[in-house]
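Notes for the one structure printed next.
The values are calculated or read from the model by the stated rules, or taken from the named source; none is laboratory data. Since the model is a prediction, treat every value here as computed from it, not as a measurement. Cβ: placed from backbone, ideal geometry, glycine included. Neighbour counts: every protein chain shown.
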Amino acid sequence: MWCRVLHAPLSDPRVTTGTIALAAVALLVGGAFAGLIVEGARDPSGAASAFDSYLFRVARFTLWQALLSTLLSVVPALFVARALARHPRFFGRGLILQLFAVPLALPAIVAALGILALYGRAGYFAGVLSAIGGQGWPGIYGLSGILVAHVFFNLPLATRLFLEALGTVPDDQWRLASQLGMGARPAFRLIEWPALRAALPGVAGLVFMLCITSFTIVLTLGGGPRATTLEVAIYQALRFDFDPARAVTLTVLQIALTFVVVLALMRLGANTVGDANLPVASRRYLSAGAAETVLNAALILLALLFVAGPMAATVTSGLEADLGRLAGESAVRQATLTSAVLALLAALLSVALSLALVMARRALALRRRVGAKTLLEYATDTGAGFVLVVPPVVIGAGWFLLLRSVSDVFAIAPVMVVAVNAVMAMPFAIRAIRPGYDAASERHERLCLLLGISGWNRFRLVDWPSLRRPLATGFAFAMALSLGDLGVIALFGSDSLQTLPYLLLARMGSYRTMDAAGLALLLGLVCLALVLAADWLGRGEKS
Amino acid sequence: MRTFLYTVVSAVLLASTVLAGIGPAFAQEKLTVYTYESFTADWGPGPAVKKAFEAECGCTLEFVAVADGVALLNRVRLEGAATKADIVLGLDTNLTAEAKATGLFSPHGAVIDVNVPGGWSDDIFVPFDYGYFAVVYDTEKLKTPPKSLKELVEGNADEKIVIQDPRTSTPGLGLLLWVRSVYGDKAPEAWAKLKAKVLTVTPGWSEAYGLFTKGEAPMVLSYTTSPAYHMVAENTERYQAASFEEGQYLQIEVAGITTSGAKNPLAKQFLTFMTGPKFQDVIPETNWMFPAGKPEKPLNPAFDKLVKPTKTLLFSPEEVAANRKAWVDEWLSMMSK
């Protein structure tokens, strides 16, 4: 009897909200495709001629570099996250985690220059590396350069997401492990690995999607056109050739390739059974042994050096710029404000949409309990992520074509920028929020049903306290991503809507490399400030 | 919760104040010019041009800027016949054939008095400046720069050059055409040799020039006028352009009236203004190109120090339009080996 009572009601408001959020995402992507398909239908020949030996080579390289980049980012991140989870009082831990959100906000060329400042032909390490090699250091141009840059972007991201997943391990499990005197190895196998494994497909999928769409990094550090991704081909199709049919075909191919890989990644995962009991124990950690502490510290330091190195190079060259003059320029101030506002709005929208999807997925999973997942459940889970592999230039161009006859494109430019950035950031926000929400739901679902709490009251009283921190993490990532965005703004941007990255590239494009370096520093600082603020909001008043 | 909500509300309020300032300015008479962003930047020709033209016409001149020349053409294509642009300023001759093919441009209908190498006759587009592609080198890293394209192609493979991708960048396409105009059908063989010297191929000019000034390579594909910027703005002669025996490839930047702009009488007035002294005087030290019209002020002495091309190389817009795809594919297959 009890069981029947405790079944979730069939019309769960969470499912409705989630479906609406999903529809909004589908509209954004579908609208863009519709615009391009209508235009492309005038001359569809580009679609068929897209499939040639060049495309085959490009697709192969795209997949190869993306898979390698994912492997090299995700595997080390598992261990770095575990090390960070084991040492909650590690010196500077908070700052490390905040720094880890910054790479996302850096435009690709800024990161590339930062990386080259260390490992390039004229980099800091060129002397040492030449001495070892016995001849002039050739730099890291080629696949190695691409991989280093991708790991720089994605290792910190994956680490933070894994850490979020580890945070969902119930305190009682730790208490038990501690009482049983469990060593590091069994604790990893029995407690940490299941939590990490549950997050693995999602995180790896996200990193894969970011790497498969890489553009500037692949061209700039790739050393030549042999290193070309599908994204470059799509850009080429829309830019010099203006061939919407070809662009749509290539985008569909990119989505299909990603789909196959994400499907394969799902097999790596596992469903974890959360803890349905309310936590009674206070957080207690396994005390790590001396050897493990040293190892963990070394691991964290190594990851920090790898990520902070290029950032330090960016800061150093930024400090050479005339920062006082830059800060005084009204264009810079206006761009800083525009960037911050657009990023805040995009992050808010992104987090709201993501939360809706996460809640709907959970509600659907609860309703199902056993049996195969429905299409809707898949869509609320990984479906939205596929937005990431639709190039911004495709979304922008498609909507432009669609709206040009009905509306003033300039007037809706800010709306488009916010909407596209918000949706692009959703995969990040979902990864950050889902573990926390699912764990909280596992604990509170029955209680809520029993007490008849639902809707806004439930969110405010029950979910909010445990969601606060993951929401802040998701918010920080979404903000960093929108802050660094160039793709959408480049198409919709006009004089009146200039963001910091836009300004940065404009300076770089007119010999003002010093100014650009200064603006990169400013961009990094704005990002760090916003991340700090999000963290502070997420921590709440009590703790 | 309350702090969070407060933040949300204030963010939305802040956003509406920022975005409210973005609406279009209304005026009785207005001319809308689409151009690339470095034209309208604070340090670009845009501000001075706007001031001078508005004083002359008693109207409002509005610039709308996109990333670069190619994006400019695409923007107009995306907007189609309903485009708000009266004038499109900043295409180059490699794009004009395709721009004409869109049918979105209208004849300028004026006698155009301009002075560009090789002369000018076009019933739709009017040039406003020009420049030459050149290999720019760092005198501190490279003591003996190549004296010809042949020397660059066959020279020491340790002396690297950063070039741009012709699939995504205008200078990249420029180098492709340059090599083609010197080597003809032997261009693929030349690329096969040059490949060893290419450090990397960037998506655009900015990335390439950034790598060059960071010291990653002693040479970069840029313009003969690049050293003028460093001499005038940074007071250094460190970066110089190499003069090639075979000649330099020319880039001519043009403007044209759109079909919808043809109805605006200010459009024709602007094109005449564009080739006149008030516009042309601004160009050299803001756009770092040579004026195509009739400036009144003499050029900054730094421009006299620049490389003077022994010969000017240029394909016609029609040749470029007809062969671009085949030549880029050829380049791709040689460079990808």
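Odds and ends about this structure:
- Of the residues A:Val252, A:Val218, the single one that is within 11 Å of chain B (Cβ to nearest Cβ) and either farther than 24 Å from B:Ser336 by Cβ or outside any loop (DSSP other than H, G, I, E, B) (or both) is A:Val218.
- Candidates A:Ser130, A:Ser144 - the one that is over 22 Å from A:Ala204 (Cα atoms) and either out of contact with any strand residue (DSSP E or B) (no Cβ under 7 Å at 6 or more places or on another chain) or not hydroxyl-bearing (Ser, Thr, Tyr) (or both): A:Ser130
- Selection status of B:Gln269, of a type outside the set (Ser, Thr, Tyr) and either over 20 Å from the mean Cα position of the chain (by Cα) or more than 23 Å from B:Leu95 (Cβ to Cβ) (or both): yes
Yes/no matrix, rows are residues, columns are (1) away from chain A (no Cβ under 14 Å); (2) in a strand (DSSP E or B); (3) under 17 Å from the mean Cα position of the chain (by Cα); (4) at pLDDT below 95:
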| residue | (1), (2), (3), (4) |
| --- | --- |
| B:Lys297 | yes, no, no, yes |
| B:Phe315 | yes, no, yes, no |
| B:Asp329 | no, no, no, yes |
| B:Leu332 | no, no, no, yes |
| B:Lys337 | no, no, no, yes |
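- Residues that are within 24 Å of A:Thr216 (Cα to Cα) and in a helix (DSSP H, G or I), drawn from region B:153-175: B:Thr170, B:Pro171, B:Gly172, B:Leu173, B:Gly174, B:Leu175
- Residue tally, condition touching an Asp or Glu at 6+ places or on another chain (Cβ under 8 Å), of a type in the set (S, T, N, Q) and surrounded by 22 or more Cβ atoms within 10 Å (Cβ to Cβ), over region B:48-107: 1
Residue-wise test of (1) under 30 Å from A:Leu449 (Cβ atoms); (2) among the aliphatic types (A, V, I, L, M); (3) at pLDDT 85 or above; (4) touching a Ser or Thr at 6+ places or on another chain (Cβ under 6 Å).
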position	(1), (2), (3), (4)
A:Arg4	yes, no, no, no
A:Ala21	yes, yes, yes, no
A:Ala59	no, yes, yes, no
A:Leu63	no, yes, yes, no
A:Ser69	no, no, yes, no
A:Leu84	no, yes, yes, no
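- Within region A:411-421, the set of residues being modelled with pLDDT of 80 or more, within 14 Å of another protein chain (Cβ to nearest Cβ) and surrounded by 19 or more Cβ atoms within 10 Å (Cβ to Cβ) comprises A:Pro414, A:Met416, A:Val417, A:Val418, A:Ala419, A:Asn421.
- Answer residue from region A:27-75, given it is over 26 Å from A:Val261 (Cα atoms) and acidic (Asp, Glu) and is surrounded by the fewest Cβ atoms within 10 Å (Cβ to Cβ) among those: A:Asp43
- The criterion of at least 3 residues that are farther than 30 Å from A:Asp12 by Cβ is met, among helices (runs of 4 or more DSSP H) falling completely within region A:298-389, by A:323-328, A:330-368.
- Meets criteria (farther than 19 Å from B:Ile252 by Cα, surrounded by fewer than 23 Cβ atoms within 10 Å (Cβ to Cβ) and not acidic (Asp, Glu)) for B:Val153: yes
- Filtered residues of region A:178-202 (kept if farther than 21 Å from A:Gly436 by Cβ and of a type in the set (A, V, I, L, M, F, W, C)): A:Leu180, A:Met182, A:Ala184, A:Ala187, A:Phe188, A:Leu190
- For region A:387-410, the set of residues classified as out of contact with any helix residue (DSSP H, G or I) (no Cβ under 6 Å at 6 or more places or on another chain) and either among the charged types (D, E, K, R) or away from chain B (no Cβ under 14 Å) (or both) consists of A:Asp408 only.
Condition check ((1) surrounded by fewer than 18 Cβ atoms within 10 Å (Cβ to Cβ); (2) part of a helix (DSSP H, G or I)) across all residues:
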{"residue": "A:Gly136", "(1), (2)": "yes, no"}
{"residue": "A:Ser144", "(1), (2)": "yes, yes"}
{"residue": "A:Ala149", "(1), (2)": "no, yes"}
{"residue": "A:Arg160", "(1), (2)": "no, yes"}
{"residue": "A:Arg189", "(1), (2)": "yes, yes"}
{"residue": "A:Glu192", "(1), (2)": "no, yes"}
{"residue": "A:Ala195", "(1), (2)": "no, yes"}
{"residue": "A:Ala198", "(1), (2)": "no, yes"}
{"residue": "A:Leu206", "(1), (2)": "no, yes"}
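- Residue-level check: of (1) over 28 Å from A:Arg42 (Cβ atoms); (2) modelled with pLDDT of 90 or more, B:Ala110 misses just (2).
- Contact annotation: residue pairs with Cβ atoms under 7 Å, 6 or more positions apart or on different chains, pairing a residue in region A:253-273 that is more than 21 Å from A:Asp52 (Cβ to Cβ) with a partner that is modelled with pLDDT under 85, are A:Thr258/A:Phe386; A:Val262/A:Thr382.
- For region B:317-326, a residue qualifies if it is of a type outside the set (Asp, Glu) and within 15 Å of B:Val179 (Cα to Cα), and the qualifying residues are B:Val320, B:Asn323, B:Arg324, B:Ala326.
- Residue satisfying condition, being over 20 Å from A:Ala34 (Cα atoms), away from chain B (no Cβ under 13 Å) and surrounded by fewer than 23 Cβ atoms within 10 Å (Cβ to Cβ), within set A:Gly455, A:Gly436: A:Gly455
- Set B:Leu78, B:Leu89, B:Leu95: member being within 27 Å of A:Arg507 (Cα to Cα) and at pLDDT 95 or above: B:Leu89
- Qualifying positions in region B:196-216 - under 21 Å from B:Glu154 (Cα atoms) and facing another protein chain (nearest Cβ under 7 Å): B:Val198, B:Leu199, B:Thr200, B:Val201, B:Glu216
- Cross-chain or 6+ apart pairs with Cβ under 9 Å, region A:506-523 first and free of Cβ contacts under 8 Å to residues at least 60 places away in the same chain and away from chain B (no Cβ under 11 Å), then surrounded by fewer than 22 Cβ atoms within 10 Å (Cβ to Cβ) and outside any helix (DSSP H, G or I): none
- The C-beta contact set for region A:227-249 (first residue at the interface with chain B (Cβ under 10 Å from one of its Cβ atoms), second residue basic (Lys, Arg) and in a helix (DSSP H, G or I), distance under 6 angstrom, 6+ apart or interchain) comprises A:Ala237/A:Arg246; A:Phe242/B:Arg77.
- For region B:243-266, filtered to residues that are within 20 Å of the chain's Cα centre (by Cα) and small (Gly, Ala, Ser), the residue that is surrounded by the fewest Cβ atoms within 10 Å (Cβ to Cβ) is B:Gly247.
- Which numbered condition A:Pro103 misses (of (1) crowded, with 21+ Cβ neighbours inside 10 Å; (2) touching an Asp or Glu at 6+ places or on another chain (Cβ under 9 Å); (3) away from chain B (no Cβ under 12 Å)): (2)
- In region A:47-55, the condition of being closer than 14 Å to A:Thr251 by Cβ and modelled with pLDDT of 90 or more is met by no residue.
- Filter pass, A:Leu364 being under 30 Å from A:Leu265 (Cβ atoms), away from every other protein chain (no Cβ under 13 Å) and surrounded by 16 or more Cβ atoms within 10 Å (Cβ to Cβ): yes
- The residue that is nearest to A:Gly142 (Cα to Cα), among those in region B:190-212 that are over 20 Å from the mean Cα position of the chain (by Cα) and of a type in the set (Val, Ile, Thr), is B:Thr200.
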